[in-house]
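Here, each number is a calculation from the coordinates, and none is a lab measurement. Quick caveat, the model's predicted, so the values are computed rather than measured. Heads up, the Cβs are rebuilt from the backbone with ideal geometry, glycines too, and the neighbour counts pull from every protein chain shown.
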Amino acid sequence: MKLISYTLGFPPTEMRPGPAQRPWMDSTSDRFAYRCLPLNIANQYGWELLCPCSFEVTWDGGPSPDAMVVEILEDGWPHPTSHFGHGVLTFHVNQIFRTEPGTQLMTTGPMNNPKDGIAALSGIIETDWSHYTFTMNWVMTRAFHPVRFQKGEPFAHIFPVNLAAIEQIKPEFQPYETEDKLKESYEAWQDSRNNFNQELEIPDSQARKDKWQKAYFQGLGPDAKPTQKARHWTKLDVQPWPGSKAKKK
């Protein structure tokens, strides 16, 4: 599958594969946040777009575009702007992305990387036909609270999606007894989890030494055997953009 970024006669936005690391995850006790494999995989699922400049933005709570002030601290192009008003900060993505037929592009904020005072908005672009550039937008959540972005900091995260596929999915509820061995496996896991959490309260217990249960991380079932039903990922090998100076951390 190809994802093409058509340049428009000037340098494109710097992009890199999403890194697993997050500063807030690094600062957790024993870096325990990295034990959550779904979190790690989501961080790496796609590519980050990086700020071309350092700046600080402040919003006075008003609805007009001039209610927001963007102060450039380290120059780069293009500058973020207040275009829509209502506390919306706009990043221009000055290139045209093209995906293969039937594939679209999800654009959202950096995965699992919250920022105080501002929230990323999300959009899906029909990049299998669109001839247009798009913008990445954030909305301020607090008035008179300065928010700073550093040059090279991610301001967007992109990954392919399939709109037709989501329409074909038929959600349904079923009792867990209807899938072979699911009830047995789930209850075995539940008992194991409850026992493990109880043992965590006991000094010098095996649970204290182990610190956490690793079955999901290792792709093991409650019987400690590898899953046979699907491939198991512990990291993603997302390809970098050719010639990009931005490196995956």
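Annotations for the structure displayed:
- Cut-off under 5 Å, modelled amide H: who pairs with residue 97 long-range: 6
- Spin-label model distance (nm) - residue 199 vs residue 218, 7 Å beyond Cα toward Cβ: 1.3
- From phi via Karplus (6.51, -1.76, 1.60), per-residue ³J(HN,Hα) for the range 134-139 in Hz, x at Gly/Pro: 9, 10, 9, 10, 10, 10
- Peptide packing for 178-190, 150-162 was compared via the average number of neighbouring C-beta atoms within 10 Å per residue; ordered from the highest value, the list is 150-162, 178-190.
- Surrounding net charge for residue 217, when Lys and Arg each add one and Asp and Glu each subtract one, Cβ distance under 13 Å: +3
- Shape call, the range 1-147: gyration tensor on alpha carbons, a/c limit 1.5: oblate
- When +1 charges are put on Lys and Arg Cβ atoms and -1 charges on Asp and Glu Cβ atoms, the dipole computed for the chain relative to its Cα centre reaches about 740 debye.
- When the charge dipole of the range 5-59 is built from unit charges on Cβ atoms (+1 for Lys and Arg, -1 for Asp and Glu) and taken about the Cα centre, the candidate among 51, 12, 34 whose Cα reaches farthest toward its positive end is 34.
- Computed from the Cα positions only, the extents of the range 14-75 along the three principal axes stand at 44, 27, 22 Å, in decreasing order.
- Members of 181/229; 183/211; 209/235; 214/235; 181/225 lying beyond 20 Å, as alpha-carbon distances in this model show: 183/211; 209/235
- Computed from backbone phi with θ = phi - 60° and the Karplus coefficients 6.51, -1.76 and 1.60, the 3J(HN,Hα) list for the range 222-235 is x, 8, 6, 9, x, 5, 10, 8, 7, 5, 10, 10, 10, 7 Hz; x is used for glycine and proline.
- Sequence-distant residues sharing a close amide H with residue 118 (under 5 Å, placed H): 141
- Note: relative contact order over the chain, using C-alpha pairs below 8 Å and six or more positions apart, is 24 percent.
- The alpha-carbon positions of the range 93-224 define a convex hull whose volume is 245 Å³ per residue.
- Rounded, prolate or oblate (a/c below 1.5 giving rounded, otherwise prolate when a/b exceeds b/c) for the range 87-144 by Cα gyration tensor: prolate
- Between the amide H of residue 162 and those of 104, distances stay under 5 Å, these residues lying 5 or more places away or on another chain, with hydrogens modeled in the peptide plane.
- Of (i) 21.3; (ii) 19.6; (iii) 18.8, the label for Kirkwood radius over Cα pairs in Å derived from the coordinates: (i)
- Peptides 43-53, 214-224, 192-202, 101-111 ordered by packing proxy, namely the average of other Cβ atoms within 10 Å per residue, highest first: 43-53, 101-111, 214-224, 192-202.
- The residues neighbouring residue 105, those whose beta-carbon lies less than 13 Å from its own, together hold a net charge of -1 under the Lys/Arg +1, Asp/Glu -1 convention.
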